[in-house]
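Trainee: Before I ask anything, here is the structure I am working with.
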Amino acid sequence: MNDEGRFGQYGGSYIPEILYSSQQQLLKAYRDAMNDAAFIQLVKSEMQTFSGRPTPLTYCANLTKMLGGAQIYLKREDLNHSGAHKMNNVIGQGLLAKRMGKTRIIAETGAGQHGVASAIVAARLGLECTVYMGAHDIERQYPNVFWMKQLGATVVPVTTGAATLKDALDEALRDWSSSYEDTYYLIGTSCGCAPYPEMVAGFQSVIGEEVKEQSTQQFGKYPDRIYACVGGGSNACGIFLPFVGSDAELIGVEAGGRSDAPGDHAMRFHTDQARFGIAQGFATKFLQDEEGQLQPTHSISAGLDYVGVSPILADLEEQGKVRMTSASDIEVMEAFKLLTRHEGVIPALESAHAVAGGLREAAGMSPDQHIVISISGRGDKDIFNIAKALDDEPFTEFLQTYLKEESV
Amino acid sequence: MNKLTSFIQNQRQNKPLLLMTHVVYGYPTIEKSLEIMQLMLDNGVEILEVQFPFSDPVADGPTITNACHHALEQNPKLTQCLQDIKKLARQYPQSRVLLMSYLNPLLQPGFTSLAQQMGEDISGIIIPDLSIDHHAMLDPLSNSGIAPIWLITPDMKADRIRKVTEQAQGMLYCVSRSGVTGQKSTDQLSTNQLSTAPKASALENMQGYLNNVRQFTSLPLAVGFGINTAEDISALKGHADVAIVGSAFLNAFNKGGLEAVARKLSELQA
């Protein structure tokens, strides 16, 4: 990576001039912090004592036996405080914001996991917190909105455009344009202008570093393959980057959605609907039409339907160092059921994409091979969507009863 | 000298301040947006800025963002937009037409093709998400005499202003305050530090900012972001060459259609 935050032809900084000086201030503060052993130690300690790291590497005896192929392991990011890997990044950036003397953080969120994580860290560090969230996502993920509010954050519904993650990101950038003096923009994924992709991937790399140690301890080598779901790409960057250049094969799983038709999925690879573009502060592969307008996306998991992808992953894929595949909504629900039923782990629907990708290939591998699947988050937040997808009638009855009781 | 620069300097010989107005191509429809442009040019607006809509206009406030999203429902094409506004530019040779858009729609044809398509009739281009650090990308345009119009902001340091003025052509677009387009009026005409300052000192601050930029360049200075009223405009006289009014016209149109736009024009040109 050179000084401009470029990853091959991707990355860089394409932001309105008004943000130039605050970006320069952030770049400098980030470099300073990364050269300060005390800061690194503070981040590490906070990850351990507040978020519960290291997270376990869990062997799946039942699924391994059932499929009869590779040995299957899960990296349990679902066991972080807040229930997702998002915690790693907000701890790092929250401490950086504090170090820079900022009093307020702003964040964009899709599924709400990053919003909750940001609100948690803001509460802990005594920072004011505003979270931008697409109105459409708020409808799908209200429980997360509820928690953000309890944690003291202000949640601003974004109604412009498709009212999802990309629009929330636009709105956060607009806020930052007028508030940069006291406000830190805490981006949730490894996207955006420099240094965000590098910084977020860096704070998330603790995932892969732990897998290196744990796999060596538990089965005496690095995994043969590692699977992670890819929305913006922060959990994938986190688990992959420490293994780039090793023999481990790195596989990203995108949201295949309902179909391959435009607007029905969130795949940025292996489709002519996505190609090189520059928007939202950086260059990457964006789902866009012929006129360069960014396109609506769909996924059963709100956290994966981002229109672009980390420039780091776009570049690694181009270099052949990461292989991208996808899982459809239907495959994801099947994978969700298998993991829940046979291993007692309830994955987030985002993470269930990685499970689908891993289980699909595990059967064809040999028993002396090992795969690690990143369980980026837990499924509790998806209870409404999963109940709906599984047509669970008693759940609907429960909701009706709950509403009736409320109105009494 | 760049054609846009000489146009502004000639006009300025007998006018204290020129007016630059802004229209979103395709809002509320392509035809209607062309009517708004025509109305403005009929009323003697010296410079017309036409924004080709983008799905994610991060430098724009709610008024223009909403207009862009509505305009996209009309499925506008950049090639057609350029043909339409070139035609207008030829019909109104006493005014100048500029193109404004974000990087991604412009990258689709690429800047070499864009330079050819813009030709002689479109005098300049404004790209809010492209900073001076990437000026080389626009070489095909400047080589064809189309001015890349760079933004100056209130908290820019001297070396950064110099970096811009070294490359600048046509005119400079001085952003009056931090934030996005639209929203506030003279009350907040100030840099961020002084946003609570009383109006008079905010104005002085604004004039000081423009006088400072003036030290670095002889190019015409255009001022935009939050210019709404005749009062805002008269405060700029003697300190700037062009007043840029965008969201105020969209707000007027949303309230009262073409007639309201005409009223706003006569208010601002008084």
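Trainee: Roughly how many whole Å is it from the C-alpha centroid of region B:1-34 to that of region B:99-146?
Mentor: 17 Å
Trainee: Determine, for A:Ser179, A:Ser299, the number of other Cβ atoms within 10 Å of each Cβ, and report the residues in order from fewest to most.
Mentor: A:Ser179, A:Ser299
Trainee: Given H placed on each backbone N at 1.01 Å, which residues far from B:Cys174 in sequence or on other chains put an amide H within less than 5 Å of it?
Mentor: B:Ile152, B:Ala222, B:Val223, B:Gly224
Trainee: Sticking with this structure for a sec: Can you grab the distance from the C-alpha centre of region A:75-106 to the C-alpha centre of region A:273-330, Å, no decimals?
Mentor: 24 Å
Trainee: While we're on this one: Which whole-number percent gives the relative contact order of chain B, counting Cα pairs below 8 Å spaced six or more residues apart?
Mentor: This gives 21 percent for chain B.
Trainee: Would you calculate the separation in nanometres between label points at B:Leu258 and A:Phe219, each defined as 7 Å from the Cα along the Cα-to-beta-carbon direction?
Mentor: 7.2 nm
Trainee: Run the numbers for A:His342 and A:Glu181: contour at 0.36 nm per residue of separation, minus the present Cα-Cα distance, in nm.
Mentor: Numbers: separation 161, 0.36 × 161 = 57.96 nm, distance 5.13 nm.
Result: 52.8 nm gained on full extension.
Trainee: Neighbouring Cβ atoms within 10 Å as the yardstick, rank A:Met47, B:Met20 fewest first.
Mentor: Lowest to highest Cβ neighbour count: A:Met47, B:Met20.
Trainee: For A:170-178, what's the mean count of beta carbons from other chains sitting within 10 Å of each residue's beta carbon?
Mentor: 6
Trainee: Treat each spin label as a single point 7 Å out from the Cα along the C-beta direction, and report the B:Lys157 to B:Arg12 distance in nm.
Mentor: 2.9 nm
Trainee: Nearest 5 percent is fine: what portion of the DSSP beta bridges confined to the protein assembly as shown is antiparallel?
Mentor: So the antiparallel bridges amount to about 20 percent of the total.
Trainee: Still on this structure, please answer the following. Return the sequence-ordered ³J(HN,Hα) values of region B:10-16 in whole Hz as given by the Karplus equation 6.51 cos²θ - 1.76 cosθ + 1.60 applied to θ = phi - 60°, using x for Gly and Pro.
Mentor: Coupling constants for region B:10-16: 4, 4, 5, 4, 10, 9, x Hz.
Trainee: Tabulate in residue order the Karplus-calculated ³J(HN,Hα) for region A:243-252, using 6.51 cos²θ - 1.76 cosθ + 1.60 with θ = phi - 60°, rounded to whole Hz; enter x for Gly and Pro.
Mentor: Per-residue couplings from phi come out as 9, 5, x, 8, 7, 5, 8, 10, 10, x Hz.
Trainee: Continuing with the same structure: What whole number of Å gives the distance from the Cα centroid of region A:1-34 to the Cα centroid of region A:337-408?
Mentor: With region A:337-408 and region A:1-34 each reduced to a Cα centre, they are spaced 38 Å.
Trainee: Taking the Cα centre of region A:1-66 as origin, work out the dipole magnitude from +1 charges on Lys and Arg Cβ and -1 charges on Asp and Glu Cβ, in debye rounded to 20.
Mentor: The dipole magnitude comes to about 400 debye.
Trainee: Apply the Karplus parameterisation 6.51 cos²θ - 1.76 cosθ + 1.60, with θ equal to phi minus 60°, to every residue of region A:77-93 and state each ³J(HN,Hα) to the nearest whole Hz, in sequence, with x for glycine and proline.
Mentor: 5, 5, 8, 5, 3, 6, x, 7, 5, 3, 4, 4, 5, 5, 5, x, 6
Trainee: Do the sum for chain A: with -39,500 (n - 2.57) for every DSSP H run of n ≥ 4, divided by all residues, what is the mean residue ellipticity at 222 nm, to the nearest 500 deg cm²/dmol?
Mentor: -13500 deg cm²/dmol
Trainee: Under 5 Å between amide H atoms, partner at least 5 residues away or on a different chain: which partners does A:Glu128 have, H built in plane at 1.01 Å?
Mentor: Excluding prolines and chain starts, which carry no amide H, the hits are A:Arg104, A:Ile105.
Trainee: Also, I was wondering about something else. Please get the size of the charge dipole for the protein assembly as shown, origin at its Cα centre, with Cβ charges of +1 on Lys and Arg and -1 on Asp and Glu, quoted in debye to the nearest 20.
Mentor: It comes to approximately 1320 debye.
Trainee: Right, something else. Mind putting a number on the dipole of region B:3-269 about its Cα centre? Charges go on the C-beta only, +1 for Lys and Arg and -1 for Asp and Glu, and I need it in Debye to the nearest 20. Don't jump to the answer; show the numbers that get you there.
Mentor: On the way: 21 positive and 24 negative charges, 84 e Å.
Dipole magnitude for region B:3-269 comes out near 400 debye.
Trainee: Here's a follow-up. Among the listed pairs B:Lys86/B:Lys264; A:Lys337/A:Lys381; B:Lys86/B:Lys163, give every one whose C-alpha distance is greater than 21 Å.
Mentor: As for pairs spanning more than 21 Å Cα to Cα, those are B:Lys86/B:Lys264; B:Lys86/B:Lys163.
Trainee: Can you pull the mean other chain C-beta count within 10 Å for peptide B:133-143?
Mentor: So the per-residue partner count for this stretch is 1.
Trainee: With unit charges on the beta carbon (Lys/Arg positive, Asp/Glu negative), name the residue among A:Cys60, A:Ala122, A:Ile15 whose Cα is farthest towards the positive pole of the charge dipole of region A:1-147.
Mentor: Most positive-ward Cα: A:Cys60.
Bear in mind these aren't lab numbers, they're just calculated from the coordinates by the rules spelled out. Here the structure is a predicted model, which means the values were calculated and not measured. As a convention, Cβ positions derive from the backbone with ideal geometry for all residues, glycine included, and neighbour counts pool all protein chains shown.
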